[in-house]
Amino acid sequence: SVQVIAEAGGRREMGYAGGGGRADYSHFTDAVLKEYAQQAVSQALVNLGGLAVQAGDAATAVRHLTRALELVPDSAQAMVTLATASVMQGRTDEGLRWYRAATEADPHNHLAWYGLAMLRLNAGALGIVGDEVAERQSTTR
């Protein structure tokens, strides 16, 4: 397992990644260790981004979350939090794209579906979300 601490603006957050369990040392190649390190750093940055969202600092959140997604491009958690930060900045279309991307990366991510539904509800287009859910369910079975 890999554990990292990311610090920004006086805040520290931890991230973890690793295989867990028992494995032969031959499993831990440079590529595997690099992937674990990237995942751990990404998770710490997602955590920092989440704190920034809670504090109302969307610009800082976007910076942390964009970097997290550079490291782990399929992180649905980073996408959902980035969608929230985008909406906070008034960039609803971008938020919508990030929520959709999160549902594609993880079709079982309830926060992504909730955010997507809330944006559609506010736009008066909730029926479209129902169509997206039905389409996604038919492709993930």
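The values are calculated or read from the model by the stated rules, or taken from the named source; none is laboratory data. Model, not experiment: these values are computed from the prediction. Virtual Cβ from ideal backbone geometry, glycine too; neighbours counted across all protein chains shown. Quick note on the areas: whole protein, heavy atoms, side chains included, nothing else; ligands and nucleic acids left out. Shrake-Rupley method; radii C 1.70, N 1.55, O 1.52, S 1.80 Å.
Looking at G115, G130, G90, which is the one that is open to solvent by less than 30 Å² (accessible area, probe 1.4 Å) and modelled with pLDDT under 95?
Just a single option satisfies the conditions, and that option is G115.
Residue check, T66 against (1) under 29 Å from G124 (Cβ atoms); (2) polar (S, T, N, Q); (3) surrounded by fewer than 18 Cβ atoms within 10 Å (Cβ to Cβ), all met but one. Which one?
(1)
Kindly evaluate S1 against the criterion of being touching an Asp or Glu at 6+ places or on another chain (Cβ under 8 Å) and among the polar types (S, T, N, Q).
No; evaluated as a whole, the condition is false for this residue.
Inspect region 5-26 for any residue being open to solvent by 50 Å² or more (accessible area, probe 1.4 Å) and touching a Lys or Arg at 6+ places or on another chain (Cβ under 8 Å) and give the result as yes or no.
There is at least one residue in region 5-26 that is open to solvent by 50 Å² or more (accessible area, probe 1.4 Å) and touching a Lys or Arg at 6+ places or on another chain (Cβ under 8 Å).
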